[in-house]
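Engineer: Would you mind keeping the following structure in view while I ask a few things?
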Amino acid sequence: MKRLHRLDWLAGGILICGLLCVATGALPMGHARDAMGRIAPLLAFLGTVIVLAELAGRAGVFDVLATGVARAGRGSYGALFVLCVVFASVTTMTLNLDTTAVLLTPVMLALAVRVGIAAVPLAMTTVWLANTASLLLPVSNLTNLLAADRVALDPLGLAARMWAPQLAAIAVTMGCLWLFYWRPGKRGARAYVPPEAYRPADPVVFWVCGAACAAFVLLLLLDVVPLWVASASAAAVVVAVHAVRQRSVLRASLVPWRLLVLVPGLFLAVETLDVHGLHAVLSTAVGSDGGALGMLRAGAVGGGMSNALNNLPVYLATESAVPVGNHDQLLALLIGTNAGPVITPWASLATLLWFERCHAQQVKVPLTRFMGTGAVLAVGSVLAASVALAAAG
């Protein structure tokens, strides 16, 4: 029997704490029921989109794209830097930040080995952009899905409102990445040798999985079905093609059980804190100003609390502290909870997953360096994106 990872024990422990809060009455049953009803579609989406991405990764979809990016750079670190930023950003925007952390991280690290370049700059590109590039679409971050009812914008409407903050957050991220990890004195090389073209082992599986991913992106942009239906449909296609041609890869471990256990536990735990005074604290911190100052406060509170706890339950707790009519302040809160959680390892699920993938491939980023550079990025990206939101509004 496979031994449980320490993150499995952490997820299980948090769920048990949450259930104990309900069992002892510390969290009223009505509050627990409302929280679980709200995140049920998110769990369905999370479970199916990770299966979709995992099988697409096994089919070579991400390897082909990553190798294409490296070849397009033609040995120039500057060009490779821009291409990697675009690749990670688009993956986050269209396939969810957890997909970037789970699948793009190992692909990038494997590419670093294949090409013979430093792994840490590529690793930091994925984890930072998994968070800061998740503002544009509902699918980009689970917090965006949580905000869907209050924001009342379809995918294209949200993109129309958030494109300026998204560009601002990515611009700040690029600056921090280059300053701290990609510039010549940090990356340790002046040029690289482009890799050979990557050829998938089974072209049929590759093309079917690629088409399923493209169809999923199209469905989410058209907004004709719920997101979990779109991800489940695309996942069913890739599972079916693997069942016919590569049945051996279909295992229960494809399902992100740890996340499906951790997320409900986090929500129950923070909902309990919310019932016992957290709401009052957050209401005072956020305030009722719907203008630029109130937006900055909401972004700062969202980012700060996310790094202290975790961005998903923090968004849910803080959302109720934002006055109903302050839609721009709510969007600023999303900026804080999406772009801000880059300081502590537990601030977002994507960062936890990223640390696990880096550990598995023996890539080490000192925690002090991670937190120090992340603090600079968090302040810069949340501030720039909030200002851009106010200016665009």
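The values are calculated or read from the model by the stated rules, or taken from the named source; none is laboratory data. None of these values were measured; they are calculated from a predicted model. Every residue, glycine as well, gets a Cβ built from its backbone with ideal geometry; the counts of neighbours run over all protein chains shown.
Engineer: Hey, can you tell me all the residues within region 353-393 that are closer than 23 Å to LEU167 by Cβ, in contact with a Phe, Trp or Tyr (Cβ under 9 Å, 6 or more places away or on another chain) and at pLDDT below 95?
Structural biologist: Correct list: ALA392 only.
Engineer: Provide a single number: the residues in region 234-259 that are within 9 Å of LEU55 (Cα to Cα) and in a helix (DSSP H, G or I). It would help to see each step written out before you state the result.
Structural biologist: Filtering region 234-259 for residues within 9 Å of LEU55 (Cα to Cα) gives 235, 238-239, 242, 249-250, 254.
Now restrict to residues that are in a helix (DSSP H, G or I): 235, 238-239, 242, 249, 254.
Selection size over region 234-259: 6.
Engineer: Out of (1) of a type outside the set (Lys, Arg); (2) surrounded by 21 or more Cβ atoms within 10 Å (Cβ to Cβ); (3) under 23 Å from TRP207 (Cα atoms); (4) touching a Lys or Arg at 6+ places or on another chain (Cβ under 9 Å), the odd one out for ALA123 is which?
Structural biologist: (3)
Conditions (1) within 23 Å of the chain's Cα centre (by Cα); (2) surrounded by 19 or more Cβ atoms within 10 Å (Cβ to Cβ), marked per residue:
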position: GLY157; (1), (2): yes, no
position: LEU177; (1), (2): yes, yes
position: ALA189; (1), (2): no, no
position: TRP228; (1), (2): yes, yes
position: ALA232; (1), (2): yes, yes
position: VAL244; (1), (2): no, no
position: VAL249; (1), (2): no, no
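Engineer: For region 261-353, list the helices (runs of 4 or more DSSP H) that sit wholly inside it and hold at least 1 residues that are free of Cβ contacts under 8 Å to residues at least 40 places away in the same chain and either surrounded by 24 or more Cβ atoms within 10 Å (Cβ to Cβ) or touching a strand residue (DSSP E or B) at 6+ places or on another chain (Cβ under 7 Å) (or both); which are they?
Structural biologist: Fully inside region 261-353 and qualifying: 292-308, 311-319.
Engineer: Anything in region 191-214 that is under 30 Å from ASN144 (Cβ atoms) and surrounded by fewer than 14 Cβ atoms within 10 Å (Cβ to Cβ)? List them, or say none.
Structural biologist: ALA214
Engineer: Here is a check on your reading of the model: is VAL275 within 21 Å of the chain's Cα centre (by Cα) and modelled with pLDDT under 90?
Structural biologist: Numbers: within 21 Å of the chain's Cα centre (by Cα): no; modelled with pLDDT under 90: yes.
So VAL275 does not fit the description; no.
Engineer: State yes or no: is TYR181 under 18 Å from ALA112 (Cβ atoms) and either touching an Asp or Glu at 6+ places or on another chain (Cβ under 7 Å) or free of Cβ contacts under 8 Å to residues at least 12 places away in the same chain (or both)? Before the answer, list the steps.
Structural biologist: Details: under 18 Å from ALA112 (Cβ atoms): yes; either touching an Asp or Glu at 6+ places or on another chain (Cβ under 7 Å) or free of Cβ contacts under 8 Å to residues at least 12 places away in the same chain (or both): no.
No: the conditions fail for TYR181.
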